[in-house]
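Note sheet for the following structure.
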Amino acid sequence: MAYGSVRGQLTRRAALFGGGAAVGAYAGAKLSSKVPSLVATQSLQPKGAADTLNDASLLNETPVFRHITIQENPGDALIARLRIEMDEARAEGRPFNVGAARHSMGGHAIPENGHAVTFDNGLLETDVTTLSYRVHPGARWSQVISALDLQGMSPKVMQSNNDFGVAATFCVNAHGWPVPHGPMGATVKSFFLLRPDGELMRVSRDEFPEIFNLTMGGYGLTGAIIDMEVEMVVNKRLVPTFQNISSRDFAPFFIGAIEAGDVNMAYGRLNVDRDRFFEDALMITYREEGDQLALPAASGSEAMSDAAALVFRAQLMNETAKDIRWWFESSLGPRINAGDVTRNSLLNEPVVTLDDGDPTRTDILHEYFVPPVRFAEFVTACQEVIPSSYQEMLNITLRYVAADRESVLAYAPGPRIACVMLFSQEMTLRAEADHRRMTEALIERTLELGGTYYLPYRPHARADQFLRGYPRAEEFVAAKLELDPDRLFRNMFWDTYLEGLV
Ligand SMILES: Cc1cc2nc3c(=O)[nH]c(=O)nc-3n(C[C@H](O)[C@H](O)[C@H](O)COP(=O)(O)OP(=O)(O)OC[C@H]3O[C@@H](n4cnc5c(N)ncnc54)[C@H](O)[C@@H]3O)c2cc1C
């Protein structure tokens, strides 16, 4: 017994000692190990699963019940097909959504487990007497430019790329380089809307103006647009002027140029290399040339653009390439791009020009709308927030957008400098978390300056930031519920930011 107990004690002591040594050795090995946890590197790459839709972020692979493409012209057949789909969705309690290119990066055109409809039809009829055109809502801008170009006409306002749908552009109320205009919604004269209850209505500033203002920038939540009447302008031969200035002087310089009244298209750029991050600015303004005869056909991206795209992509994690790109753009560009170009050629640029083809990374856009008098402070805010993240910023383009006093979810209640940023993001959990943190910080700083952020990008704003940036959001939700009490028209933007306000 005693022996046994001694043996037991020895055994226990030995076991404790031996065990302690083993644990110690194990812990020591672990503590001295330099291998970090790999959990955060978990990939967010899409799986390409069946019956899913994704958007341009590639981070929103989402199951849908059904996705159909409809090609009918505006008219009875199109309406009948939509009503069948809408009735089925309503009967089954599923969401319904109409989308176009599905580039918006927060699933704005994705109804989770619902019915998704894509329009595919480029119908367009011009009326030169009213300087407007009737267009299928699903027409892409590339189709619109081709049709208008043949008649010497040009879109009045559109985004910087031509892949997007016309109604989609109205529903996000996009803007671009054309000046001195407000967002694209300002150029829409009327449209036909198939309401959530299946009724068809003509909507304009005179007929149902409250629905006009809800639908402009309303992310497809008020019904399906099935026909549109949009303003156009005469296509022009333009010549560029390039001016290098300090970023802090950019706003008065830019606004001054636009207010002078002879500029047709304009944008700005800032350098993004970390040594002189956001210190230097370049302003490019396009004015009409004296000779407006025999304009060439809209060309779009050419060899120069391809070379620029190569340099652009080389910037990824390469500060030298960022320097070279800035030199390319601010010093070489003005010499080799000094020739004339038509307005339509400038607008006719596909997104694919800048695609990097790397499946482990994705391009993420941000956009901030800043009151011009606070622009220098915005530059400082960006210098404090962006380089301390580990996101790779590849570009910032600056635009002018005139006040929008119509849409309920307006991002430019006064004139704004629109700051469009492009980041290349690793598709992992850690990158997504870092990106969210950085975006929240940038939104916070922009809100403090009296500006706001753009809604079609990643859903990284906090709910309180959304409400501060879009103070009429509750009014939007109340009006939407009156029009669509069953909440038939839904998408991931509704699910993320608006459902909680019901
Ligand atoms: C690379 C890139 C560049 C961009 N550049 C700019 C820019 O320069 N300026 C700018 O302002 N924005 C820009 N954006 C944002 C872009 O304008 C929007 O995301 C736009 O909506 C994309 O068009 P889409 O056809 O992909 O729309 P989708 O994402 O398919 O749809 C957008 C919204 O419109 C609704 N919708 C579409 N068609 C209809 C319809 N017929 N009836 C009712 N609702 C409808 C959808 O439900 C959805 O809510 C850019 C985006 C990307 C990815």
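The values are calculated or read from the model by the stated rules, or taken from the named source; none is laboratory data. Predicted model only: the values in this text are computed from it and were never measured. Glycine gets a Cβ as well: all are built from the backbone with ideal geometry, and neighbour counts include every protein chain shown.
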Residue hits (the stretch 156-204; modelled with pLDDT under 95 and of a type in the set (V, I, T)) are none
Collect the residues in the stretch 481-502 that are in a loop (DSSP other than H, G, I, E, B) and either without any contact (Cβ under 8 Å) to a residue 24 or more places away in the chain or more than 16 Å from the ligand (Cβ to nearest atom) (or both), keeping them in residue-number order.
P485, D486, V502
Run Q151 past the list (1) free of Cβ contacts under 8 Å to residues at least 40 places away in the same chain; (2) away from the ligand (no atom under 15 Å from the Cβ); (3) touching an Asp or Glu at 6+ places or on another chain (Cβ under 8 Å) and report the number of the one that doesn't hold.
(3)
Name the one entry in A22, A77 that is surrounded by fewer than 13 Cβ atoms within 10 Å (Cβ to Cβ), more than 30 Å from L193 (Cα to Cα) and either touching a Gly at 6+ places or on another chain (Cβ under 7 Å) or at pLDDT 50 or above (or both).
A22
Identify all residues within the stretch 77-129 that are within 10 Å of the ligand (Cβ to nearest atom), in a loop (DSSP other than H, G, I, E, B) and free of Cβ contacts under 8 Å to residues at least 60 places away in the same chain; write none if there are none.
R102
Report yes if P359 is in the same structural domain as A308 (by TED's automatic domain parsing), in contact with a Gly (Cβ under 7 Å, 6 or more places away or on another chain) and more than 30 Å from A298 (Cα to Cα), otherwise no.
no
Going by the conditions given, is V144 without any contact (Cβ under 8 Å) to a residue 60 or more places away in the chain, surrounded by 22 or more Cβ atoms within 10 Å (Cβ to Cβ), closer than 14 Å to F170 by Cβ and within 14 Å of the ligand (Cβ to nearest atom)?
yes
Candidate set from the stretch 349-365 (those that are within 11 Å of the ligand (Cβ to nearest atom) and of a type outside the set (V, I, T)); member that is modelled with the lowest pLDDT:
L354
Residue within the stretch 57-76 that is part of a strand (DSSP E or B), touching a Ser or Thr at 6+ places or on another chain (Cβ under 7 Å) and hydroxyl-bearing (S, T, Y) present
yes
Sort out which residues of the stretch 363-384 are surrounded by fewer than 19 Cβ atoms within 10 Å (Cβ to Cβ) and either outside the structural domain of R399 (by TED's automatic domain parsing) or of a type in the set (D, E, K, R) (or both), and write them in order of number.
R374, E377, E384
Any residue at all in the stretch 291-303 that's charged (D, E, K, R), surrounded by 14 or more Cβ atoms within 10 Å (Cβ to Cβ) and touching a residue at least 24 places away in the same chain (Cβ under 8 Å)?
no
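May I ask you to say which residue of L449, L467 is touching a Lys or Arg at 6+ places or on another chain (Cβ under 9 Å), at pLDDT 95 or above and not β-branched (V, I, T)?
Working: L467 fails: touching a Lys or Arg at 6+ places or on another chain (Cβ under 9 Å).
Sole residue among the options that is touching a Lys or Arg at 6+ places or on another chain (Cβ under 9 Å), at pLDDT 95 or above and not β-branched (V, I, T): L449.
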Whichever residue in the stretch 385-405 is within 16 Å of the ligand (Cβ to nearest atom) and part of a loop (DSSP other than H, G, I, E, B) and, among such residues, is surrounded by the most Cβ atoms within 10 Å (Cβ to Cβ)
D404
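Considering each of I417, I443 in turn, give the residue that is among the β-branched types (V, I, T), farther than 23 Å from A56 by Cα and either under 17 Å from the mean Cα position of the chain (by Cα) or assigned by TED's automatic domain parsing to the domain that holds K189 (or both). Write out each step before concluding.
On the way: I443 fails: farther than 23 Å from A56 by Cα.
Unique residue meeting the criteria: I417.
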Name every residue in the stretch 409-432 that is over 26 Å from P387 (Cα atoms), surrounded by fewer than 21 Cβ atoms within 10 Å (Cβ to Cβ) and in contact (Cβ under 8 Å) with a residue 12 or more places away in the chain, in order of residue number.
G414, P415
When you scan the stretch 156-272 for helices (runs of 4 or more DSSP H) that lie fully inside it, which ones turn up with 3 or more residues that are within 12 Å of the ligand (Cβ to nearest atom) and either out of contact with any strand residue (DSSP E or B) (no Cβ under 7 Å at 6 or more places or on another chain) or of a type in the set (F, W, Y) (or both)?
166-172
If you scan the stretch 149-179, which residues turn out to be under 15 Å from the mean Cα position of the chain (by Cα) and not hydrophobic (A, V, I, L, M, F, W, C)?
Q159, S160, N161, N162, D163, G165, T169, N173, H175, G176
